[in-house]
Amino acid sequence: METWNTRNPAAWAGSLNFPHARPSQEGLRVWATEDEYVAGFDYAVVIATGWDHTEFEDLQLVHEGDTKAHVAGRWARYDAGGNIIRRNLVIYIATETDNQWEIQARFGAGVPLPENEEQPIADIAIAKVEEHVDAFNARDAVAWAATLNYPHLRIAGGELTLTETDEESASQMDFDVFAERFGWNHSELDEIEAVQVAEDGVNVALTFSRYNAAGEVVSTFNTLYLVTNDNGRWGIRARSSFAP
């Protein structure tokens, strides 16, 4: 946030890891390099909205690991008179590379809703995640891929993976290979919470356990899903997983 408020694109980009991704309710953008990001960024567009500076109203750690963390932020943009002109909900995917922590991705939910309007949207997002898990356990690659919004992003194992269509995602998911590799039989949700809720985007924090055929837990890990409304179609736009 400090580098953002300098109005210096190079300083701001220096806080990011590349490739850098920005999935949101509006779509998905990915920048391959810092130079590409700096060349395409224009503070004049933001300043023209009346913006003077931005402050965090809330910043909370959601998940943490040795080389990655999910941090939920609610920020507000102010004009020169100290008036709030915009608020936004974002979860920052912070990753460590060469002993340096930077932001790999920003999962943007959107403008926060009043608390009394959050639950119906949260319910939609959670139902979509549950549908996603059910399709995975059914080993139905087509149904599983249909729960995603495209282009789709997954961050896991230090890599960013993009898929453009249902067909591409389904073709890349071989459940037999997956089961053999991890000793997996099925997965269960231990915890699920809509941690940020906007009109067309919800960041959902999850804890998964994988089970083998004997009903024993193989692994337990945290995951973050950004569920978005894409022209009336709710789906999972992006995932960031601590999965082994």
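For the range 34-49, name all the residues that are over 16 Å from Thr6 (Cβ atoms) and either touching a residue at least 40 places away in the same chain (Cβ under 8 Å) or surrounded by 10 or more Cβ atoms within 10 Å (Cβ to Cβ) (or both).
Residues satisfying the conditions are Asp35, Glu36, Ala39, Gly40, Thr49.
If you check Gly157 against the conditions, is it at pLDDT 95 or above, surrounded by fewer than 16 Cβ atoms within 10 Å (Cβ to Cβ), out of contact with any Lys or Arg (no Cβ under 7 Å at 6 or more places or on another chain) and on the phi > 0 side of the Ramachandran plot? So that I can check it myself, show each step before the final result.
Details: at pLDDT 95 or above: no; surrounded by fewer than 16 Cβ atoms within 10 Å (Cβ to Cβ): yes; out of contact with any Lys or Arg (no Cβ under 7 Å at 6 or more places or on another chain): yes; on the phi > 0 side of the Ramachandran plot: yes.
Taking the combined requirement at face value, the residue does not satisfy it.
Residue pairs, Cβ under 7 Å, 6 or more apart or interchain, first in the range 189-203 and loosely packed, with under 15 Cβ neighbours inside 10 Å, second part of a strand (DSSP E or B) and among the hydroxyl-bearing types (Ser, Thr, Tyr). List them.
Asp190/Thr207; Asp190/Ser209; Asp190/Thr220; Glu191/Thr207
Tally the residues that are part of a helix (DSSP H, G or I), within 21 Å of Val129 (Cα to Cα) and not hydroxyl-bearing (Ser, Thr, Tyr), restricting the search to the range 171-193.
Initial filter on the range 171-193 (part of a helix (DSSP H, G or I)): 171-172, 175-182.
Next, only the ones that are within 21 Å of Val129 (Cα to Cα) stay: 171-172, 175, 178-179.
Of the ones still in play, those that are also not hydroxyl-bearing (Ser, Thr, Tyr) are 172, 175, 178-179.
Residues that pass the stated criteria total 4.
Working carefully through the options Leu153, Leu148, find the one that is in contact with a Pro (Cβ under 7 Å, 6 or more places away or on another chain) and not charged (D, E, K, R).
Details: Leu148 fails: in contact with a Pro (Cβ under 7 Å, 6 or more places away or on another chain).
Result: Leu153 is the single residue among Leu153, Leu148 that is in contact with a Pro (Cβ under 7 Å, 6 or more places away or on another chain) and not charged (D, E, K, R).
Within the range 83-127, count every residue that is surrounded by fewer than 19 Cβ atoms within 10 Å (Cβ to Cβ) and touching a Pro at 6+ places or on another chain (Cβ under 7 Å).
1
Please determine whether any residue of the range 47-64 is more than 17 Å from the chain's Cα centre (by Cα), outside the structural domain of Val177 (by TED's automatic domain parsing), under 18 Å from Glu26 (Cβ atoms) and polar (S, T, N, Q).
Filtering the range 47-64 for residues more than 17 Å from the chain's Cα centre (by Cα) gives 47-58.
Then keep just the ones that are outside the structural domain of Val177 (by TED's automatic domain parsing); that gives 47-58.
With the extra rule that they be under 18 Å from Glu26 (Cβ atoms), the set shrinks to 49.
Going one step further and asking which of them are polar (S, T, N, Q), we end up with 49.
Checked the range 47-64: at least one residue is more than 17 Å from the chain's Cα centre (by Cα), outside the structural domain of Val177 (by TED's automatic domain parsing), under 18 Å from Glu26 (Cβ atoms) and polar (S, T, N, Q).
Identify all residues within the range 95-132 that are among the charged types (D, E, K, R), part of a strand (DSSP E or B) and within 16 Å of Asp230 (Cα to Cα); write none if there are none.
Going residue by residue through the range 95-132, those that are among the charged types (D, E, K, R) are 96, 98, 102, 106, 115, 117-118, 123, 128, 130-131.
Cutting the leftovers down to part of a strand (DSSP E or B) gives us 96, 102, 106.
Within the range 95-132, none qualify.
For the range 204-242, name all the residues that are aliphatic (A, V, I, L, M) and surrounded by 16 or more Cβ atoms within 10 Å (Cβ to Cβ). Talk me through it step by step, then tell me what you get.
So in the range 204-242, the residues aliphatic (A, V, I, L, M) come out as 204-206, 213-214, 217-218, 224, 226-227, 236, 238.
Within the range 204-242, Val204, Ala205, Leu206, Leu224, Leu226, Val227, Ile236, Ala238 meet the criteria.
For the range 196-219, enumerate the residues that are within 20 Å of Gly110 (Cβ to Cβ) and in a loop (DSSP other than H, G, I, E, B).
Once the filter is applied, which keeps residues that are within 20 Å of Gly110 (Cβ to Cβ) and in a loop (DSSP other than H, G, I, E, B), the range 196-219 yields Glu199, Asp200.
Among the residues of the range 147-170, is any touching a helix residue (DSSP H, G or I) at 6+ places or on another chain (Cβ under 9 Å), part of a helix (DSSP H, G or I) and aliphatic (A, V, I, L, M)?
yes
Could we say that Arg77 is farther than 22 Å from Glu34 by Cβ, without any contact (Cβ under 8 Å) to a residue 60 or more places away in the chain, of a type in the set (Lys, Arg) and buried (at least 16 other Cβ atoms within 10 Å of the Cβ) here? Talk me through it step by step, then tell me what you get.
Values: farther than 22 Å from Glu34 by Cβ: yes; without any contact (Cβ under 8 Å) to a residue 60 or more places away in the chain: yes; of a type in the set (Lys, Arg): yes; buried (at least 16 other Cβ atoms within 10 Å of the Cβ): yes.
Against the criterion (farther than 22 Å from Glu34 by Cβ, without any contact (Cβ under 8 Å) to a residue 60 or more places away in the chain, of a type in the set (Lys, Arg) and buried (at least 16 other Cβ atoms within 10 Å of the Cβ)), Arg77 qualifies.
In the range 168-186, which residues are of a type in the set (Gly, Ala, Ser) and loosely packed, with under 15 Cβ neighbours inside 10 Å? Talk me through it step by step, then tell me what you get.
We begin by selecting, within the range 168-186, every residue of a type in the set (Gly, Ala, Ser); these are 169-171, 179, 183.
Answer for the range 168-186, where residues must be of a type in the set (Gly, Ala, Ser) and loosely packed, with under 15 Cβ neighbours inside 10 Å: Ser171, Gly183.
The values are calculated or read from the model by the stated rules, or taken from the named source; none is laboratory data. Remember, predicted model here, so these are calculated numbers, not experimental data. Quick reminder, even Gly has a Cβ in these numbers, built from the backbone with ideal geometry, and neighbours come from all protein chains shown.
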